[in-house]
Structures are given as structure tokens and as C-alpha cells.
Amino acid sequence: MASQSQHRVYIPSNARSNQYILAEFKLDDLFYQQFLSPAQAYQKISEHLFTLCEERELHNVHLIANDKLPIVRFHEESYCLQTKKQVMFFYNPKYHESHMCIEDADYVAKKIRIVFLATGDELRANAAQFHRRVAAVIKEFKTTLPESIQSIKVRDHQHLTYDLFANAKGNKESYGYKLRSLTPRYQTRECPLPAEHSEMTYATVSIPLTRAIKTQFLPQGEQGYANLYRYLEDTFLTACGTRKLQRIAMVANDRIPLVRNSQVDNNAQNSELQKISFDPANHDTQYYGFWQEDKLVQTVYFILAAGDEDKNDIGFGKFMNSVEAAMRSVADKFQIPADQQNVTIRFYQHVSYRA
């Protein structure tokens, strides 16, 4: 039997925790017929939503009515920035609060997205309580919508972010995590999930292509960047193969990776986002490489998804130990100085269902 230590990953104490819940539903003509204009529709439903949120002490909630995808990151200052395809929320859960309705003038949204951002301390320990309060708001909010809205899709997103080389930079303190699956975590805290739900667990690792890497691995006079990307790819595949990590991807096309379950979603991309779909139940190797030989990016993203075989009563600690070992091997190959450069890991846990 594997020892308990194999199922516990030691994460730096300065790791950042985030949780947000995304609720979304499609709009149709029947919905808009209930209001004088799209702008009035967004105003009315957002006002009612924010009233319900205040009653449940949900203090950082945003309604998005311009069909852009929310991206959530930690920051000491609060920002809400938009690109053509994204709405990016930067915030510190300890301090920042806001209720906003985000819309574009004269734009008729195809879908409403509501972002509930967790606030306070100990987000991971209080995740089930936060989910319960959000679920209660969604249930009541749904009763106020036109009858044409049959269901609301709910996605609970949680992630831990840390530097793989935090110890080398003097951050010696760490905490052992078992990283239990969301379903048993929530059940023990009296927050049962619907019987029909799907989970996705994965890690993303970002490595900047620094001047040192470019100098060493891009010979002068060489046309294009195919050799660099192939070397990165081969190094990554070898490191993952040694550790039996079978659902993996490398993204070096200037797009932000989004991971989905292939049983409900397919690979796709737009000008800013790269959707990657894995099947947790399929034990065959699933690898996707997205790069262009004529385009040099600033950052390469590596994605490593867990499968059903990684899910057990103890948690995903063993899976993350394998992820860390693989990425240390990649970093060693590229001679990344641990005391000077960050290799950022984000451990994600998602659960989704229809309410």
C-alpha cells in the first residue's frame, strides 16, 4: 500500500487560493420580450440579483452581459479589465468587494454570465459554505426569470497558485495538502452536489521564454522557432511519460488555455483563448500541441490533467507530486535558475452541473 506521504503534496505557505462560481444561462427572444430594451433587462435582473446577494452576504458579484468570458486572478489591487473576448477580474479576497453589471452599449447578449467571487480568509476551508450560499441565491434568482429560462449552468472553480521554486527563494515554510476531490469535501460539510455533475482536475504550469533560454536554444541565423518548440515538446513528453501523466498539452500560441471535459466540450480557439478538452475516463495518451513555428511567444503553458485513476478517497496529492517532478525535470533541461525565476503552478478543481 502506498504511504500517506505519497498522497500529500507540500505547497508553499505563501500559495494563493481563489474560488469563484460561474452561473450562466442562454437568452432568447422570449426573454427580451419581457423588457422594454436589452439595457433595461440587464438592469432589472442585476438589481434583483445584487439584492439577493446582499441577503446572503455575497459581496463580490458581477453580471456579464456582453458574451465575454471571465478570467479571475489574485492581485493586491482591484481591477476589472476587458479585452475583445475576456473580462479579467484581479482582486484580493481579503479586502475587495464589488457588485457590477458589465454590458456594452447597444449590444444584445446571447448569454448571461454571473461571477460570484469568494471573499474573506481561508477560502479553501470555507469553499463548501460559499457554494451553499451561492446555490441558494441561484435557486431564488431563477424563480424571478422569465419561464423561457429552463436551467442555469453552474461551474465551481477553485485553484491554488504557487511558485515551484519558492523554497529556493527563501520561502521555506510549506503545508501538506491531500487535495481531496470536491464531491467528498462538500459532502462532509453538508453541501451535497447534484447526482448529475462532472468534475475536472488539472494543473497549468507557465514558463517564461527568458533571454537566457532564447540565447541558448535559438542559434543565431536560424529561421523560425520550430526546433525550440519541438525540443520543449519532446522534453515535456519524456518527463510526463516517465511519470505516467497521460492527459497533457503544450500551448505556445499567445492564447490563454482553458481546460474542459471532452465528454461535454471540444477543442476550440479564438483570438485570445485556447480551449483544450480531455477525457478523464479514457486511459489512452491524450496530447495536444498548439504552437506556430513563425511566432515566438513570451510564455509557454503546460497543462496536465488528472484522470479517473487519479481520483481516490485520499485526494490528488500523488498526482500533483508527479506534476511537480515532471516540471522540475523540464526546468532542469532548460537550466532555469530556481533562485531567480518563477515557474508558476496553478492547481485547478472544477465541478459543474445544471440548476
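Since every read-out is calculated from the coordinates, none of them should be taken as a lab result. A quick note: this is a predicted structure, and the numbers were derived from the prediction, not measured. Glycine also receives a Cβ, built like all others from the backbone with ideal geometry; neighbour counts cover every protein chain displayed.
Treat every Asp and Glu Cβ in segment 143-210 as -1 and every Lys and Arg Cβ as +1, leave all other atoms uncharged, and give the resulting dipole magnitude about the Cα centre to the nearest 20 debye.
In total the dipole reaches around 300 debye.
Relative to the longest principal axis of the Cα atoms of the chain, the long axis of helix 317-333 lies at roughly 50 degrees.
Given +1 on the Cβ of Lys and Arg, -1 on the Cβ of Asp and Glu, and no further charges, what dipole in debye does the chain carry about its Cα centre, rounded to the nearest 20? Present the calculation step by step, with values, prior to reporting the outcome.
Working: 42 positive and 41 negative charges, 129 e Å.
The dipole magnitude comes to about 620 debye.
When only Cα pairs under 8 Å and 6 or more residues apart are kept, what is the percent relative contact order across segment 69-220?
Values: 83 pairs, mean separation 20.9, N = 152.
Averaging sequence separation for qualifying contacts and normalising by length gives 14 percent for segment 69-220.
Other residues with beta-carbon under 13 Å from the beta-carbon of GLN158 carry, at +1 per Lys or Arg and -1 per Asp or Glu, a net charge of +3.
Centroid-to-centroid, using Cα positions, segment 91-163 and segment 246-291 are 25 Å apart.
Which whole-number percent gives the relative contact order of segment 162-354, counting Cα pairs below 8 Å spaced six or more residues apart? Please report the intermediate quantities before stating the final value.
Details: 299 pairs, mean separation 80.1, N = 193.
Across segment 162-354, relative contact order equals 42 percent.
When Kirkwood radius over Cα pairs in Å is calculated for this entry, the matching label among (1) 21.8; (2) 23.9; (3) 22.5 is (1).
Which percentage, to the nearest 5, of the DSSP beta bridges contained in the chain is antiparallel?
Details: 62 of 86 bridges.
Roughly 70 percent of the DSSP beta bridges within the chain come out antiparallel.
About the Cα centre of segment 21-72, what is the dipole size in debye to 20, counting +1 per Lys and Arg Cβ and -1 per Asp and Glu Cβ, all else neutral? Let's see the in-between values first.
Numbers: 4 positive and 8 negative charges, 20 e Å.
For segment 21-72, the charge dipole is close to 100 debye.
Taking 8 Å as the Cα distance limit and 6 or more residues as the minimum spacing, I'd like the relative contact order of the chain as a percentage. Walk me through the numbers before you get to the answer.
On the way: 661 pairs, mean separation 89.7, N = 355.
Result for the chain is 25 percent.
Axis angle, to the nearest 10 degrees, between helix 127-143 and the longest C-alpha principal axis of the chain: 40 degrees. The angle between the Cα long axis of helix 226-242 and the main principal axis of the chain comes to about 90°, on a 0 to 90 degree scale. Per-residue ellipticity at 222 nm, computed for the chain from helices alone with -39500 (n - 2.57) per DSSP H run of at least four residues, works out to -7500 deg cm²/dmol.
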